[in-house]
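Working notes, beginning with the structure itself.
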Amino acid sequence: MTDVRELPAGFGRLWTAQTVSSLGDGVTQAALPLIALTLTRDPMALAVVTAAGTLPWLLFGVLGGALVDRWDRRRAMWAADAGRAALLTIPAVATALDLLSIPLLAAVAFLLGLGGLFFDTAATAYLPDLLRRDPALLERANTRLRGAQTAMSGFAGPPAGSVLLAFGRAVPLLADAVSFLVSALLVRTLPAAPRPVPEARESLLRQARAGASYVFRDRVLLGLALRPAVGNIAFIAVETVLALFAHERLGIDTYGFGLLLTAEATGGLLGAGIASRLGRRLGTGTALTCTAAAEGLAILGLAAAPNPYVAGLALAACGAGMGATMVLGPSLRQAIVPPHLMGRVASTSRMLAMCAAPVGAFLGGWLATTYDIRTPVYTAAGLLLAMTAVTASMTSDRRIDAALRAAAPDGGTDHPSPKEPAQESAPGSP
């Protein structure tokens, strides 16, 4: 059964806006650490600049989601991008005046991360309104968004950032500012979406807690949130030691290490591209379980890889599993979460994943120091496979079908779990 429904014209503008912005993000992602390196060789100072960009999610993730659930989502998106465009002119001017410093770069990274929190949360909440909460359209849209993000921020952006830096420290920052400005102008042309229904007069903190508790009480949403949280512990543990692992165990030089990362990104593009087909063929729940298992087995293969070629294939397989998961999971969440809670639920899930990252970094470093360089990789594989077993029943096809029926406007079966052919599940959620 082929879905012939077309994505609305507004989605094309949203896709273009996020593609341009992702390109700018990739430029800054490569350029910012290199700019910091021109100011200091202190590893701790460099780490502060890197960590500053993630702090907003850790400090304000759920509160930011609560604010987005109070605001006009389209306005929140373009305001966040316009603000980030203006913000990037500050270090550019500071560079021209020879006033650039590590504290200034850290502050800029923090505020960029804060703008990203609001933009990403608002965009996640806006997309279901634009696509009428249709699960099939959401999967197609997220496939295109994820593919563009991977291509721009993973392939095109970082090399462009390095090249632009050769023309001056301010050049990549100004290029990213232009990308944010273009994105803001495109977002302003998007069709208006209904504003969230005002809730009872409650404090922002209470509304934030309500959004977080909604995730933890719902088995499907909790399963979807645990995957990236546990996954981040495992993947960051591997990433922490990957360069050393590649050098010591596989004999890979700097150029080869870049190719190894490219293999993973290529797999991510492939996984995002086939995610919808997997969901239709297997059922969304089964597909999510299969992709999670594929990630764990791929990391296990990386740990045991006898040469760089096997390691590259393992990372490509892992990237494919991650790419498919990052299409199927968010699409399902957008289809089943009530509109007035979408911002808080999305930001809670993202915050859990972000909080897990430093745990993974510490775990990877400690295991490699205490045991050997392969131990973090084997441990990550074990964590991923254990997570697969734990969450398989939480995001089963039966639970997902029940959640989609409950979320349908008439409470009926307008939105069955994307599966080919469609099958009727027993009513109710176990």
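Can you tell me which residue among Arg144, Arg206 is open to solvent by 60 Å² or more (accessible area, probe 1.4 Å), over 28 Å from Ala272 (Cα atoms) and among the charged types (D, E, K, R)?
None of the other options fit; the residue is Arg206.
Say whether the condition of being out of contact with any helix residue (DSSP H, G or I) (no Cβ under 8 Å at 6 or more places or on another chain), surrounded by fewer than 19 Cβ atoms within 10 Å (Cβ to Cβ) and either within 20 Å of Thr325 (Cβ to Cβ) or modelled with pLDDT of 90 or more (or both) is met by at least one residue in segment 347-359.
Checking segment 347-359: not a single residue is out of contact with any helix residue (DSSP H, G or I) (no Cβ under 8 Å at 6 or more places or on another chain), surrounded by fewer than 19 Cβ atoms within 10 Å (Cβ to Cβ) and either within 20 Å of Thr325 (Cβ to Cβ) or modelled with pLDDT of 90 or more (or both).
Rundown of residues vs (1) among the basic types (Lys, Arg); (2) within 22 Å of Gly161 (Cβ to Cβ); (3) open to solvent by 20 Å² or more (accessible area, probe 1.4 Å), yes/no style:
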position	(1), (2), (3)
Glu6	no, no, yes
Gly10	no, no, no
Asp25	no, yes, yes
Ala31	no, yes, no
Thr40	no, yes, yes
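(1) in contact (Cβ under 8 Å) with a residue 40 or more places away in the chain; (2) open to solvent by 70 Å² or more (accessible area, probe 1.4 Å): which one isn't true of Gly273, the others all being true?
Condition not satisfied by Gly273: (2).
Would segment 300-315 turn up any residue that is open to solvent by less than 50 Å² (accessible area, probe 1.4 Å) and touching a Phe, Trp or Tyr at 6+ places or on another chain (Cβ under 6 Å)?
Yes, because at least one residue in segment 300-315 is open to solvent by less than 50 Å² (accessible area, probe 1.4 Å) and touching a Phe, Trp or Tyr at 6+ places or on another chain (Cβ under 6 Å).
Can you tell me how many residues within segment 62-93 are of a type in the set (S, T, N, Q) and within 19 Å of the chain's Cα centre (by Cα)?
Count: 0.
Would you please list the contacts, defined by Cβ atoms under 7 Å and residues six or more apart or on different chains, that run from a residue in segment 164-187 that is more than 23 Å from Thr16 (Cβ to Cβ) to a residue that is small (Gly, Ala, Ser)?
Between residues of segment 164-187 that are more than 23 Å from Thr16 (Cβ to Cβ) and residues that are small (Gly, Ala, Ser), the close pairs are Leu165/Ala31; Ala170/Ala92; Ala170/Ala96.
Taking segment 316-344 only, how many residues are surrounded by fewer than 23 Cβ atoms within 10 Å (Cβ to Cβ) and either in contact with a strand residue (DSSP E or B) (Cβ under 6 Å, 6 or more places away or on another chain) or farther than 22 Å from Val62 by Cα (or both)?
Looking only at that region, the number is 2.
Let me confirm something: among Val310, Val241, which residue is more than 17 Å from the chain's Cα centre (by Cα) and touching a residue at least 60 places away in the same chain (Cβ under 8 Å)?
Val241
Can you confirm whether segment 174-189 contains a residue that is on the phi > 0 side of the Ramachandran plot and not in a helix (DSSP H, G or I)?
The answer is no, given that none of the residues of segment 174-189 is on the phi > 0 side of the Ramachandran plot and not in a helix (DSSP H, G or I).
Could you check how many residues of segment 361-381 are open to solvent by less than 60 Å² (accessible area, probe 1.4 Å) and touching a residue at least 60 places away in the same chain (Cβ under 8 Å)?
12
For segment 288-406, list the helices (runs of 4 or more DSSP H) that sit wholly inside it and hold at least 2 residues that are of a type in the set (Val, Ile, Thr) and closer than 14 Å to Val230 by Cα; which are they?
Hits in segment 288-406: 375-392.
The values are calculated or read from the model by the stated rules, or taken from the named source; none is laboratory data. Note that the structure is predicted; figures quoted are calculated from it, not measured. Reconstructed Cβ throughout: ideal geometry from the backbone, glycine too, with neighbour counts over all protein chains shown. For accessibility, only protein heavy atoms count, side chains too; no ligands or nucleic acids. Shrake-Rupley method; radii C 1.70, N 1.55, O 1.52, S 1.80 Å.
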